[in-house]
1. Only one of the values (i) 17.0; (ii) 22.8; (iii) 14.6 was calculated from this structure for Kirkwood radius over Cα pairs in Å; name its label.
2. Could you tell me which trypsin sites (Lys or Arg not before Pro) in region 6-96 are loop residues by DSSP with no more than 11 other beta carbons within 10 angstrom of their beta carbon?
3. Starting from the amide H of Val66, placed 1.01 Å from N in the peptide plane, find each other amide H under 5 Å away whose residue is 5 or more places distant or on another chain.
4. For the chain, what does -39500 (n - 2.57) per DSSP helix run (n ≥ 4), summed and divided by total residues, give at 222 nm, in deg cm²/dmol to the nearest 500?
5. When DSSP assigns beta bridges and you keep just the ones with both residues in the chain, what percent turn out antiparallel, to the nearest 5?
Amino acid sequence: TAELERHRYGFMQPSAGAPRLPEGRVGVALVPGLAFDRRGNRLGRGAGYYDELLPRLAADCLRVGVAFERDVVEALPTEPHDVVMTHLATERGVVAVAG
């Protein structure tokens, strides 16, 4: 197993020298966001990390937006590079969206 280290925010993460899983082999991606809409669009923090990562994942990778229900809105503005989530997970459960 890969050795873990504590991130500055307190959660455990793989250490810098841990083996990396190629993006194409990732089966499920848990994706945080400031907000999501009911079609699976995501509002991020603007750094572009997920905008860079998500297109590199396999087409059949489940992209699960993780948020509180209060942060799921009817519609968000989108941009051409945005990747839609396949599912949304909130405290109420997990639902498939039109992603």
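All of the numbers you see were taken from the coordinates with simple rules; none came from a lab. Computed from a predicted structure; not experimentally measured. Methodologically, a virtual Cβ is constructed for each residue, glycine included, from the backbone with ideal geometry; neighbour enumeration extends over all protein chains shown.
1. (iii)
2. Loop-located and lightly packed - Arg8, Arg20, Arg45, Arg92.
3. For Val66, whose amide H was placed from the backbone, the distant partners under 5 Å are Val31, Gly33, Ala89.
4. Roughly -1000 deg cm²/dmol at 222 nm, from the helical runs in the chain.
5. Percentage antiparallel, nearest 5: 45.
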